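The values are calculated or read from the model by the stated rules, or taken from the named source; none is laboratory data. This is a predicted model, so every value here is computed, not measured. Using ideal geometry, Cβ is built from the backbone for each residue, glycine included, and neighbour counts are taken over all protein chains shown.
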Amino acid sequence: MDTGMTDKTYKHWQLEQDEENFVWLHLDKADSSTNTLSEAVLMELEDALNYLHRQPPRGLVIRSAKENGFIAGADIGEFTHFESQHAALEAIQRGHRIFNLLESLNCPTIALIHGYCLGGGMEMALACRYRIAEDSPETRLGLPEVRLGIHPGFGGTVRALKAAGPLTALNIMLTGRSFSARAAKKMRLVHYAVPRRHLLNAARSILRKPPKQTPLPWWLKLLNHRLLRPWIAKYMVKTVAKKAARAHYPAPYALIDLWQHYADDREQMLREEAASVASLLVGKTAQNLIRVFGLQETLKGLGRKLDGKPKYVHVIGGGVMGGDIAAWCALQGYQVSIQDREHETLGRVIQRAFDLYKKRLKKPRLISTTLDRLMPDLPGHALARADVVIEAIFEDVEVKRELFRAIEPQMKADALLCTNTSSIPLEALAEALKKPERLVGLHFFNPVAKMPLIEIVRGKSSSEENVQRASAFAKSISRLPLPVTSSPGFLVNRVLMPYLIEAVILAEEGVPLKVIDDEAVEFGMPMGPIELADTVGLDICLKVADILSQNMDISVPEKLRTLVERSQLGKKTGQGFYAFKKGKPVKTAPDKDYIPPADLQERLILRMVNEVIACLRDGVVDNADLADAGIIFGTGFAPFRGGPMHYLQDRGTQQVYKMLEQLQQRYGQRFTPDSGWQQWLEQEADNG
Ligand code: COA
């Protein structure tokens with residue numbers, strides 16, 4: 001059949017016409033591992049769609065030629081290049097124009113989805129008449145823009161609301177979560193979830209005989225009614241406010257406003273969506289969250305330098321950390337053995353692993369196959385086959401050395417040996433080894449399943465190759481590797497400790513605990529320092545503080561010592577600084593006329609910033625970006641501020657330095673600016 005059409009090849013797209021006059025548009029973004037909607041990709045798409053408007057095919061299928069997925073969204077790298085809000089608006093309006101072209105094609109259109117289908121990729125799929133997603137664990141669909149401080153901007157708000165109904169669509173956009181193909185089908189984000197082998201046939205049969213679309217049920221449409229919207233919006237604002245303050249995270253509020261005010265008028269909502277995203281995009285929050293995405297990619301990149309994946313992991317020490325590390329590695333696909341001297345301890349490891357898998361995997365079949373990968377190993381038989389050995393026994397140099405002496409001869413010659421020590425210098429442990437270069441620190445944070453960072457500790461004798469192997473291993477268990485030197489507290493604990501200690505000093509001065517915590521949360525910390533100390537365990541805090549005080553100028557507050565002596569260790573004993581009820585701290589509101597010290601927040605935050613500067617001077621991490629990444633992913637430091645060093649530069653190094661000097665005059669030497677400030681002051685002066 002001569003349709004007058006020819007195959008067209010662009011740099012990023014390939015347009016193929018088959019004998020049934022169906023057009024297959026494949027995206028394979030050049031020079032990139034992942035498909036994203038860069039300006040160049042969109043411009044070529046516009047050309048292709050204009051062509052299809054002139055020569056309409058019988059049907060169109062858009063798919064990805066990349067193995068890892070469909071499209072991971074707009075190109076985030078381009079989000080920092082806009083010179084003005086107007087320039088951002090123009091780029092967004094171009095996206096609108098192109099997706100409108102796609103939506104208005106006079107033939108059935110299908111997005112054939114596998115792997116990642118996120119952000120702009122999901123918006124493009126929503127502009128197609130049908131969406132078919134591969135039913136596989138790799139398929140993830142969603143609209144995660146809110147995590148970057150914006151909301152969907154290529155017409156996705158309007159189209160998601162139409163496809164999924166207001167409650168579901170807003171929930172998807174407000175949480176930024178991603179979903180499996182089946183979950184997305186239930187939510188009406190996609191029409192079909194089919195196994196890979198049926199994808200092409202499913203597309204063809206839809207194009208041959210396009211099925212009727214089922215409209216949203218009336219009760220879902222009703223929720224869009226202008227009289228109901230203000231009530232629903234009010235409830236949503238209240239829910240969002242519990243998680244994110246409007247001043248720090250404006251995007252979810254902007255999205256709710258958009259829906260509340262314009263949901264009746266599609267064209268106006270599209271216009272307002274573009275304006276809203278343009279204004280958010282050039283704002284500080286979005287720019288800082290985009291920076292955080294970049295930092296995350298940098299850390300992932302550090303784990304990508306080595307090929308080849310280990311298979312067997314052997315963990316020694318079934319305490320909370322060791323057990324949870326073992327459970328996590330098994331969840332990430334490794335064959336794991338966990339060794340401990342006590343049967344009971346191993347029993348508890350398996351029980352906790354089961355609880356974790358139940359929460360994460362839900363399906364009994366998946367839970368049991370994952371549990372099969374986690375083997376209790378009292379005698380340590382599996383040590384000999386392990387590619388990675390992780391030591392997580394208690395913090396005692398001599399005991400660890402003895403263990404290393406005993407296990408090294410049994411280990412494979414090229415096995416990597418990692419220690420989860422948080423306080424012992426690696427050099428002291430490496431002494432016990434015949435091959436000291438094989439030892440690297442792998443410092444996990446508690447709870448292992450929630451904390452995304454692992455400090456990769458480089459001892460003086462660790463070989464560079466093994467540091468990279470450890471980083472690659474961290475990445476392979478979906479964790480972000482941060483290389484640090486072996487020094488007390490590494491980066492994260494060293495920076496956190498002065499902040500926690502300042503909070504305890506404030507408590508000793510009589511500042512109500514809730515006020516201290518609220519100020520930190522108001523700054524943007526995920527949890528106040530007093531609650532954090534209680535959650536981590538005051539005995540652990542005291543131990544780290546004692547170790548750090550041997551090398552750093554910190555004095556451990558008496559109050560902390562007293563509570564530990566009384567066995568009031570925080571959440572785990574039901575009483576620490578706070579009393580705990582059902583696992584939650586009971587926080588008493590201060591007197592109505594209580595006025596907190598004006599410099600409370602500065603005292604907390606600047607002690608942290610001062611310590612980051614000291615770490616950089618000491619070379620604990622290589623540069624300011626890595627310090628920011630470590631503190632954000634290791635402590636949850638206000639992501640919308642872009643990290644402590646970025647915060648410092650944003651506020652003005654000179655200005656913050658002066659503030660620190662004032663605090664030093666008021667409160668003494670613990671606020672003495674570190675000598676490392678000089679470098680940053682000079683840098684600011686040089687940059688004008
Ligand atoms: N824009 C630009 N680059 C992107 C991107 C995006 N939206 N999404 C992924 N990438 C790039 C990464 O930078 C990385 O590049 P590299 O290979 O040059 O290092 C590559 O794609 C692979 O991503 P990576 O994060 O290393 O892979 P992963 O499998 O761990 O995670 C995603 C994949 C898609 C889940 C993750 O990259 C992600 O969350 N991306 C952002 C999605 C998003 O927010 N989209 C909405 C944008 S408005």
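Are there any pairs, at least 6 apart or on different chains, whose C-beta atoms fall under 8 Å, with the first in region 143-162 and in the same structural domain as L89 (by TED's automatic domain parsing) and free of Cβ contacts under 8 Å to residues at least 24 places away in the same chain and the second of a type in the set (V, I, T) and within 13 Å of the ligand (Cβ to nearest atom), and if so, which?
From region 143-162, no pairs qualify.
When N100 is evaluated against the numbered criteria (1) within 15 Å of the ligand (Cβ to nearest atom); (2) out of contact with any strand residue (DSSP E or B) (no Cβ under 7 Å at 6 or more places or on another chain); (3) not charged (D, E, K, R), which criterion, by number, is the only one it fails?
Exception for N100: condition (1).
If we only count helices (runs of 4 or more DSSP H) wholly inside region 204-278, which ones have 3 or more residues that are touching a helix residue (DSSP H, G or I) at 6+ places or on another chain (Cβ under 8 Å)? Steps first, please.
Working: elements: 218-222, 229-243, 251-262.
The helices (runs of 4 or more DSSP H) meeting that bar are 229-243, 251-262.
Take region 55-70 and flag every residue that is touching a Gly at 6+ places or on another chain (Cβ under 7 Å) and more than 11 Å from the ligand (Cβ to nearest atom).
Filtering region 55-70 down to residues touching a Gly at 6+ places or on another chain (Cβ under 7 Å) leaves 55, 68-70.
The one that is touching a Gly at 6+ places or on another chain (Cβ under 7 Å) and more than 11 Å from the ligand (Cβ to nearest atom): Q55.
Across region 103-137, which residue is farthest from the ligand (Cβ to nearest atom) among those that are within 27 Å of the chain's Cα centre (by Cα) and charged (D, E, K, R)?
My answer is D135.
Which one of these does E519 not meet: (1) in contact (Cβ under 8 Å) with a residue 40 or more places away in the chain; (2) outside the structural domain of N446 (by TED's automatic domain parsing); (3) under 28 Å from L417 (Cα atoms); (4) charged (D, E, K, R)?
In the conditions (1) in contact (Cβ under 8 Å) with a residue 40 or more places away in the chain; (2) outside the structural domain of N446 (by TED's automatic domain parsing); (3) under 28 Å from L417 (Cα atoms); (4) charged (D, E, K, R), E519 misses (3) alone.
Name, by its number, the condition in (1) within 16 Å of the ligand (Cβ to nearest atom); (2) of a type in the set (G, A, S); (3) assigned to a loop (DSSP other than H, G, I, E, B); (4) under 15 Å from G630 (Cα atoms) that does not hold for G489.
Among (1) within 16 Å of the ligand (Cβ to nearest atom); (2) of a type in the set (G, A, S); (3) assigned to a loop (DSSP other than H, G, I, E, B); (4) under 15 Å from G630 (Cα atoms), G489 violates only (1).
Only one of (1) of a type outside the set (K, R); (2) away from the ligand (no atom under 16 Å from the Cβ); (3) in a helix (DSSP H, G or I) fails for A40. Which number is that?
Against the list (1) of a type outside the set (K, R); (2) away from the ligand (no atom under 16 Å from the Cβ); (3) in a helix (DSSP H, G or I), A40 comes up short only on (2).
Would a scan of region 213-231 turn up a residue that is surrounded by 15 or more Cβ atoms within 10 Å (Cβ to Cβ) and of a type in the set (S, T, N, Q)?
Filtering region 213-231 for residues surrounded by 15 or more Cβ atoms within 10 Å (Cβ to Cβ) gives 216, 220, 223-224, 229.
Within this subset, residues satisfying the condition of being of a type in the set (S, T, N, Q) are 224.
Yes; the residues of region 213-231 include at least one that is surrounded by 15 or more Cβ atoms within 10 Å (Cβ to Cβ) and of a type in the set (S, T, N, Q).
Which of the residues that make up region 469-486 are over 22 Å from G636 (Cα atoms) and either away from the ligand (no atom under 16 Å from the Cβ) or surrounded by 24 or more Cβ atoms within 10 Å (Cβ to Cβ) (or both)?
Listed by number, the residues that qualify are R469, A470, F473, S486.
In region 145-188, which residues are away from the ligand (no atom under 16 Å from the Cβ) and polar (S, T, N, Q)?
Answer for region 145-188, where residues must be away from the ligand (no atom under 16 Å from the Cβ) and polar (S, T, N, Q): T168, N171.
Which one of these does A88 not meet: (1) in contact with a helix residue (DSSP H, G or I) (Cβ under 6 Å, 6 or more places away or on another chain); (2) within 16 Å of the ligand (Cβ to nearest atom); (3) in contact (Cβ under 8 Å) with a residue 60 or more places away in the chain; (4) under 25 Å from V190 (Cα atoms)?
In the conditions (1) in contact with a helix residue (DSSP H, G or I) (Cβ under 6 Å, 6 or more places away or on another chain); (2) within 16 Å of the ligand (Cβ to nearest atom); (3) in contact (Cβ under 8 Å) with a residue 60 or more places away in the chain; (4) under 25 Å from V190 (Cα atoms), A88 misses (4) alone.
So which pairs qualify, if the first residue must be in region 168-181 and assigned by TED's automatic domain parsing to the domain that holds P252, the second must be of a type in the set (D, E, K, R) and within 13 Å of the ligand (Cβ to nearest atom), the Cβ gap must be under 6 Å, and the two must be at least 6 apart or on different chains?
Matching pairs, first to second residue: G176/R147; S178/R140.
I need the full set of residues from region 71-85 which are of a type outside the set (D, E, K, R) and either exposed (fewer than 13 other Cβ atoms within 10 Å of the Cβ) or within 14 Å of the ligand (Cβ to nearest atom) (or both), in order please. Steps first, please.
If we filter region 71-85 for residues that are of a type outside the set (D, E, K, R), which is where we start, we get 71-74, 76-77, 79-82, 84-85.
Once the filter is applied, which keeps residues that are of a type outside the set (D, E, K, R) and either exposed (fewer than 13 other Cβ atoms within 10 Å of the Cβ) or within 14 Å of the ligand (Cβ to nearest atom) (or both), region 71-85 yields I71, A72, G73, A74, I76, G77, F79, T80, H81, F82, S84.
Is it the case that region 294-312 has a residue that's farther than 30 Å from A413 by Cα and buried (at least 18 other Cβ atoms within 10 Å of the Cβ)? Step through it out loud before you land on a result.
So in region 294-312, the residues farther than 30 Å from A413 by Cα come out as 294-298.
Remaining after also requiring buried (at least 18 other Cβ atoms within 10 Å of the Cβ): 295.
There is at least one residue in region 294-312 that is farther than 30 Å from A413 by Cα and buried (at least 18 other Cβ atoms within 10 Å of the Cβ).
Do you know which residues across region 665-679 are more than 16 Å from I605 (Cβ to Cβ) and assigned to a helix (DSSP H, G or I)? If you could, list the steps in order and put the result at the bottom.
Here is the first cut: in region 665-679, the ones more than 16 Å from I605 (Cβ to Cβ) are 665, 668-669, 672, 675-676, 678-679.
Q665, Q669, Q678, Q679, listed by residue number.
Looking at I290, I256, I316, I325 in this structure, which one is closer than 28 Å to K450 by Cβ, more than 16 Å from the ligand (Cβ to nearest atom) and within 21 Å of the chain's Cα centre (by Cα)?
Working: I290 fails: more than 16 Å from the ligand (Cβ to nearest atom); I256 fails: within 21 Å of the chain's Cα centre (by Cα); I316 fails: within 21 Å of the chain's Cα centre (by Cα).
Of the residues listed, the single one that is closer than 28 Å to K450 by Cβ, more than 16 Å from the ligand (Cβ to nearest atom) and within 21 Å of the chain's Cα centre (by Cα) is I325.
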